[in-house]
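> Questions regarding the structure given below will be posed in turn.
The values are calculated or read from the model by the stated rules, or taken from the named source; none is laboratory data. Bear in mind the structure is a predicted one, so any value in this text is a computation, not a measurement. Neighbour counts run over all protein chains shown; Cβ positions are idealised from the backbone, glycine included. These area figures cover heavy atoms from the full protein model, side chains too; ligands, DNA and RNA do not enter into them. Shrake-Rupley method; radii C 1.70, N 1.55, O 1.52, S 1.80 Å.
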Amino acid sequence: MLANILSGAVQGIDAYTITCEVDISTSNPIWAMVGLPDAAVQESRERVRSAIRNSGFDFPQRRITINLAPADTRKEGPAFDLPIAVGLLVASEQLNSKILKETLVIGELSLDGSVRPVSGILPIALNARASGIKRMIVPEANTSEAAIVGGLDVYPVKSLNDVAQVLQLPETREPVSLDPELLLPEIPPYSVDFSDVKGQLNVKRGMEIAAAGGHNLLMIGPPGSGKTMLARRLPTILPPLSVGEALETTKIYSVSGLLTQGTSLITTRPFRSPHHTLSNAALVGGGSVPRPGEVSLAHNGVLFLDELPEFKRDGLEVLRQPLEDGIVTIARVQASFQYPARFILAAAMNPCTCGYYGDAYRKCTCNESMVRKYQQKISGPLLDRIDLHIEVQRLAEEELVTYPPTETSTEIRKRVIAARNVQLSRYEGRSFYCNAQMGSREIKEFCILNKDVINVLRAAIQQLSLSARAYDRIIKVARTLADLGGSSDIEVGHIAEAIQYRSLDRKMWA
């Protein structure tokens, strides 16, 4: 007898439907599996055999042929254990169900018949809904992850016996559903706040601009000036995640297997701070089995690169595509994968090897060639893709020992949200939503400059030798400054402040 069980698999961060075809014939007992299964899928034979027997069913002692269609795509992982076991029970007529044609089954089996969680449930559930599948049978630990996808009846199961009950008597089990709107907090919970930071008003101003327009920023200053402390507070002033952003971010973490058990939705913007010793594949994604890297895990959030010059030069250069396009493309012989990577880059670095070049309180021990060599680890093309260059000075003694009241993250976030709402209205119906994502055509359309502004820009180009990319980024930052100030036009003050955030790289790297 032949049985067809629907399941799913992930390719990149998107899923596709798998049909598990199980045929049992009267020939000599043998197990044959086709459809490009990897070693983990091949090993399902022993897990399925033990699970069926330990659940009180009979394992058929006949020829068993299993095909995982489509047969030209490689199948990986243990998530096909449950659909294979269900297919064997249906094909051997130990299980009869009329709802299998509209039911997707997925899960890993233990030897005792219990069902273990698998990664990638969210994209599989989204694909199932798009394919017209009405219900899903998932491991209990993956319930909340699948249930946030509306339009699907999600049935959690603990064991193979639970699966048999759902398939034969679906009316005895109540499907689970969750509303993602209710899971997103109005005020995201953070353990840090900008009110913790003493002084550094100019850096806070730059971070507010970065958050309001989605701009990248680089902080340069001596050790102990507070660069890392400030960067960790950047997510606290970003607007709360929308439902679409939360689902997209959760999907990346689900595919990567990084969702905490029982977590249905990522409700705060990611903050990723990788160590400078990580490989290129860990940074942008890849590997023999391609997985999202740190730039994709920071999607819709912040990627913080501390001690920027200590990262490998070729690793930093591969950041160019995600910084420009918001995606990462990983090409392999079998397929090409695209991962979203729209994030705010917050980088920090010392001005020299010892860290005290230009410091007012401590003498630098580096000679001129050492300073130049250290600074030149950051290439010009990468600097051009960073909108804001901010100098972070060490606090004076009086600033350290006193505790003057400072703005909280909530107060700053209100201004950021107001500026973002202006941009959402301006770019309604387009593929982007903030100023940093504008292309050349949109800059011409939404950033009309008067003669006085053009004259200031012309002088800046001559004095700072700005590239065309740096010129565009100055205009984008000026547009954000105008939005923060409630102005519909870019004025001279806005463009002058935006130019100020480009002057440090000429001072340091000229």
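> Can you pull out every residue in region 371-411 that is closer than 27 Å to Gly315 by Cβ and open to solvent by 80 Å² or more (accessible area, probe 1.4 Å)?
Filtering region 371-411 down to residues closer than 27 Å to Gly315 by Cβ leaves 371-392.
Residues satisfying the conditions are Arg372, Lys373, Gln376.
> Kindly indicate the residue of region 418-450 that is of a type in the set (Gly, Ala, Ser) and closer than 13 Å to Ser487 by Cβ and also least open to solvent (accessible area, probe 1.4 Å) among those meeting that condition.
Here is the first cut: in region 418-450, the ones of a type in the set (Gly, Ala, Ser) are 418-419, 425, 429, 431, 436, 439-440.
Applying the additional criterion that residues be closer than 13 Å to Ser487 by Cβ yields 418-419.
On the way: Ala418: 54, Ala419: 1 Å².
Going through the qualifying residues, I end up with Ala419.
> Please verify whether Glu145 is acidic (Asp, Glu), touching a residue at least 24 places away in the same chain (Cβ under 8 Å) and open to solvent by less than 40 Å² (accessible area, probe 1.4 Å), treating the condition exactly as stated. Show your work before the answer.
Numbers: acidic (Asp, Glu): yes; touching a residue at least 24 places away in the same chain (Cβ under 8 Å): yes; open to solvent by less than 40 Å² (accessible area, probe 1.4 Å): yes.
Yes; evaluated as a whole, the condition is true for this residue.
> What's the total number of residues in region 18-39 that are of a type in the set (D, E, K, R) and either touching a helix residue (DSSP H, G or I) at 6+ places or on another chain (Cβ under 9 Å) or modelled with pLDDT of 95 or more (or both)? Steps first, please.
Initial filter on region 18-39 (of a type in the set (D, E, K, R)): 21, 23, 38.
Filter again for either touching a helix residue (DSSP H, G or I) at 6+ places or on another chain (Cβ under 9 Å) or modelled with pLDDT of 95 or more (or both), leaving 21, 23.
Residues flagged as of a type in the set (D, E, K, R) and either touching a helix residue (DSSP H, G or I) at 6+ places or on another chain (Cβ under 9 Å) or modelled with pLDDT of 95 or more (or both) within region 18-39 amount to 2.
> Test Asp14 against the criterion of being of a type in the set (Asp, Glu) and touching a Leu at 6+ places or on another chain (Cβ under 6 Å), and give yes or no. Steps first, answer last, please.
Details: of a type in the set (Asp, Glu): yes; touching a Leu at 6+ places or on another chain (Cβ under 6 Å): no.
Taking the combined requirement at face value, the residue does not satisfy it.
> Name, by its number, the condition in (1) open to solvent by 40 Å² or more (accessible area, probe 1.4 Å); (2) more than 35 Å from the chain's Cα centre (by Cα); (3) closer than 26 Å to Pro117 by Cβ that does not hold for Val10.
It is condition (2) that Val10 fails.
> If a residue must be open to solvent by less than 40 Å² (accessible area, probe 1.4 Å), part of a helix (DSSP H, G or I) and out of contact with any Asp or Glu (no Cβ under 8 Å at 6 or more places or on another chain), how many such residues does region 224-246 contain? Give the steps one after another, and end with the answer.
Quick first cut of region 224-246, residues open to solvent by less than 40 Å² (accessible area, probe 1.4 Å) only: 225-227, 230-231, 233-239, 241, 243, 245-246.
Narrowing the set further to residues that are part of a helix (DSSP H, G or I) leaves 227, 230-231, 234-237, 243, 245-246.
With out of contact with any Asp or Glu (no Cβ under 8 Å at 6 or more places or on another chain) added as a condition, the list becomes 230, 234-235, 245-246.
Looking only at that region, the number is 5.
> Here are some residues: Gly285, Gly380, Gly293, Gly301. Which one is farther than 19 Å from Leu504 by Cβ, in contact with a helix residue (DSSP H, G or I) (Cβ under 8 Å, 6 or more places away or on another chain), among the small types (Gly, Ala, Ser) and in contact (Cβ under 8 Å) with a residue 60 or more places away in the chain? Even if it seems obvious, please write down each step before you answer.
Values: Gly285 fails: in contact (Cβ under 8 Å) with a residue 60 or more places away in the chain; Gly380 fails: farther than 19 Å from Leu504 by Cβ; Gly293 fails: in contact (Cβ under 8 Å) with a residue 60 or more places away in the chain.
So the residue among Gly285, Gly380, Gly293, Gly301 that is farther than 19 Å from Leu504 by Cβ, in contact with a helix residue (DSSP H, G or I) (Cβ under 8 Å, 6 or more places away or on another chain), among the small types (Gly, Ala, Ser) and in contact (Cβ under 8 Å) with a residue 60 or more places away in the chain is Gly301.
> Assess whether Ser254 counts as being modelled with pLDDT of 90 or more, farther than 25 Å from Arg233 by Cβ and not charged (D, E, K, R). I'd like the intermediate steps shown before the answer.
Details: modelled with pLDDT of 90 or more: yes; farther than 25 Å from Arg233 by Cβ: yes; not charged (D, E, K, R): yes.
For Ser254, the condition - modelled with pLDDT of 90 or more, farther than 25 Å from Arg233 by Cβ and not charged (D, E, K, R) - is met.
> Identify all residues within region 52-85 that are aliphatic (A, V, I, L, M) and either free of Cβ contacts under 8 Å to residues at least 12 places away in the same chain or open to solvent by 30 Å² or more (accessible area, probe 1.4 Å) (or both); write none if there are none. Spell out the reasoning first.
Here is the first cut: in region 52-85, the ones aliphatic (A, V, I, L, M) are 52, 64, 66, 68-69, 71, 79, 82, 84-85.
Ala71, the sole residue that qualifies.
> Does Arg415 satisfy the criteria of being open to solvent by 60 Å² or more (accessible area, probe 1.4 Å) and under 25 Å from Leu481 (Cβ atoms)? Give the derivation first.
Values: open to solvent by 60 Å² or more (accessible area, probe 1.4 Å): yes; under 25 Å from Leu481 (Cβ atoms): yes.
So Arg415 fits the description; yes.
> Right, another one. I'd like the residue in region 148-196 that is open to solvent by less than 70 Å² (accessible area, probe 1.4 Å) and acidic (Asp, Glu) and, out of all such residues, is nearest to Ile124 (Cα to Cα).
For region 148-196, the residue satisfying everything is Asp153.
> Of a type in the set (Asp, Glu), open to solvent by 10 Å² or more (accessible area, probe 1.4 Å) and under 17 Å from Leu388 (Cβ atoms): is that true of Glu208 in this structure? Spell out the reasoning first.
On the way: of a type in the set (Asp, Glu): yes; open to solvent by 10 Å² or more (accessible area, probe 1.4 Å): yes; under 17 Å from Leu388 (Cβ atoms): yes.
Criteria met by Glu208.
> OK, next. Is it the case, given these coordinates, that Ala15 is under 30 Å from Tyr253 (Cβ atoms), touching a helix residue (DSSP H, G or I) at 6+ places or on another chain (Cβ under 8 Å), in a strand (DSSP E or B) and open to solvent by less than 60 Å² (accessible area, probe 1.4 Å)? Working first, answer last.
Details: under 30 Å from Tyr253 (Cβ atoms): yes; touching a helix residue (DSSP H, G or I) at 6+ places or on another chain (Cβ under 8 Å): yes; in a strand (DSSP E or B): yes; open to solvent by less than 60 Å² (accessible area, probe 1.4 Å): yes.
Taking the combined requirement at face value, the residue satisfies it.
> I'm trying to understand the selection: among the residues of region 119-131, which are touching a helix residue (DSSP H, G or I) at 6+ places or on another chain (Cβ under 9 Å) and either closer than 15 Å to Ser254 by Cα or without any contact (Cβ under 8 Å) to a residue 24 or more places away in the chain (or both)?
Of region 119-131, the ones touching a helix residue (DSSP H, G or I) at 6+ places or on another chain (Cβ under 9 Å) are 119-126, 128.
Listed by number, the residues that qualify are Ser119, Gly120, Ile121, Leu122, Pro123, Ile124, Ala125, Leu126.
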